[in-house]
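First up is the structure itself, then whatever we jot down about it.
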Amino acid sequence: MKKIVLTVNGAACAGVIILLCTACAGAHGPKKPGALALTPQMGWNSWNKFRGRVSEQLIRETADAMATNGMKAVGYQYVNMDDFWQAPQRDARGNILADPTRFPSGIKALADYVHSKGLKLGVYSDAGAHTCGGRPGSRDHETQDAQAYASWGVDYLKYDWCDVDGLQAPAAYKKMSDALRATGRPILFSLCEWGTSKPWTWAKDVGQSWRTTGDIFAKFDGLIDHNGKWQEHGVLQILDLQAGLRKYAGPGHWNDPDMLEVGNGMSVNEDRAHFTLWCFLDAPLISGNDLRHMTPETLKILTDKDVIALNQDPMGIEALKYSARDGVEVWFKPLAHGAWAMCVLNRNKEPRQVTFDWKDEKVTDEISNRETHFDTPACRVRDLWQKHAAERAIGPVPITYRVRDLWKKQDLGTTETPLSAEVPGHDVLAIRLDEK
Ligand code: GLA
């Protein structure tokens, strides 16, 4: 590896710089060119809105909508069919077939159509003998199915975990991963094992993302039964279940807190909070609503470039929870070029007045090995990843950040003055901090 020599004043600065260099050479550096999902994948999936009502007409119309409504322009790419695209039985040779009633033209023709729109097509299967909906799963047909997908021009496989008696998740998922790779076609592999066997500990080289929880529901705060057990996970429960997982994610391997429910019945505030949090979590942004008919507010949330840029930041470091008090949480996400994003989440139903006096706060991120220096002198090391970085290292200077409200598109001054804002109930304040 190329050695970077830095000359700076002061021992404290030297410490910071060594840590920074470790970060740039570490697990979060870019993977080899051509690797899939170097930033979290973006697209759409049929399940959250349509359940079993998936058809080639729906997929075509969804591709049409994505290509023209502004979603493709901001990075959405995959159009994915979930369960029930398959015929109830394999053919006599064991080949997987599309449901002939709902996909009369077959998957190859559909893939061609989606590709003609400049988009990619995804399918769904299961590591067990049957999918969760009872259609044929890929158990003992991994190679045959992977080859079928590749021959049709499929670009993405979501792989579920129903009907798996006697299977071990790491081996079962590796088997399909190997089968996909053997086809020679780049097919993004999205593991859907609900976090049962902690896929974050073993799936980094198996697929590009792994579900961390059970299924999401279109609720901000989920449903609890009379025994105190969660029946339906809402946005807040899924968020809480991400604790401790951020260190496992990075370019090419993401924690997946499940697909988006934006536009599926929550309030606009809740949808905005859900979308923002998923961006801060570096979650795959797989929309789950009806793209053919959505309100301007839903489209505005799904296509906000500034918030999506946090999710697609090339460093690929998930946000950390900095503080939590009275139902108000503050999250920070380190971004490329020394920037940060801050999310203030109000979990309460009522609005909350929030004051954040920057000079009293210091954020330390152990993954990027970065700290904010809102008031104290600090080492300013810019563009460390770029050529001649060493020459651009400057001695100790205080860092002031420009503060921008990303949803309101308003500049809110700098970190030299305290931030004061009202955050509506079940909503967020999303801030970007760029060095002044
Ligand atoms: C499981 C998955 C869902 C969906 C359904 C389909 O519940 O977690 O995302 O794919 O199966 O049956």
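The values are calculated or read from the model by the stated rules, or taken from the named source; none is laboratory data. Computed from a predicted model, the values in this text were never measured in an experiment. Note: ideal-geometry Cβ built from the backbone for every residue, glycine included; neighbour counts use all protein chains shown.
Observations on the structure shown:
- A single entry from N255, N289 fulfils the requirement of being buried (at least 20 other Cβ atoms within 10 Å of the Cβ), in a loop (DSSP other than H, G, I, E, B) and either aliphatic (A, V, I, L, M) or within 16 Å of the ligand (Cβ to nearest atom) (or both): N289.
- Test for D155: is it charged (D, E, K, R) and within 25 Å of the chain's Cα centre (by Cα): yes
- Restricting the range 99-130 to residues that are surrounded by fewer than 24 Cβ atoms within 10 Å (Cβ to Cβ) and within 12 Å of the ligand (Cβ to nearest atom) leaves a set whose member that is nearest to D178 (Cα to Cα) is G128.
- Restricting attention to the range 145-188 and to residues that are among the hydroxyl-bearing types (S, T, Y) and surrounded by fewer than 23 Cβ atoms within 10 Å (Cβ to Cβ), the residue that is farthest from D112 (Cα to Cα) turns out to be S177.
- Residues of the range 139-188 classified as among the hydroxyl-bearing types (S, T, Y) and within 14 Å of the ligand (Cβ to nearest atom), total: 2
- Long-range neighbours under 9 Å by Cβ, at least six apart or interchain, first residue more than 18 Å from T213 (Cβ to Cβ) within the range 251-267, second in a strand (DSSP E or B) and away from the ligand (no atom under 12 Å from the Cβ): G263/S287; S267/D427
- Residue selection: M71 satisfies the criterion of being touching a residue at least 60 places away in the same chain (Cβ under 8 Å) and surrounded by 21 or more Cβ atoms within 10 Å (Cβ to Cβ).
- Screening the range 199-240 for residues that are aromatic (F, W, Y), modelled with pLDDT of 95 or more and more than 14 Å from the ligand (Cβ to nearest atom) and picking the one that is farthest from D160 (Cα to Cα) gives F220.
- Residue count, the range 395-415 (criterion: modelled with pLDDT under 95 and either touching a Pro at 6+ places or on another chain (Cβ under 8 Å) or surrounded by 13 or more Cβ atoms within 10 Å (Cβ to Cβ) (or both)): 5
- E391, sole failed condition from (1) more than 16 Å from K333 (Cβ to Cβ); (2) at pLDDT 50 or above; (3) not in a strand (DSSP E or B): (2)
- Pick from the range 238-250, criterion touching a residue at least 24 places away in the same chain (Cβ under 8 Å) and not aliphatic (A, V, I, L, M), ranking: farthest from K321 (Cα to Cα): G250
- Among residues of the range 9-60, those that are modelled with pLDDT of 50 or more, closer than 30 Å to E366 by Cα and more than 16 Å from the ligand (Cβ to nearest atom), counted: 8
- Residue ranges of strands (runs of 3 or more DSSP E) in the range 301-348 with at least 1 members surrounded by fewer than 20 Cβ atoms within 10 Å (Cβ to Cβ): 320-325, 328-334
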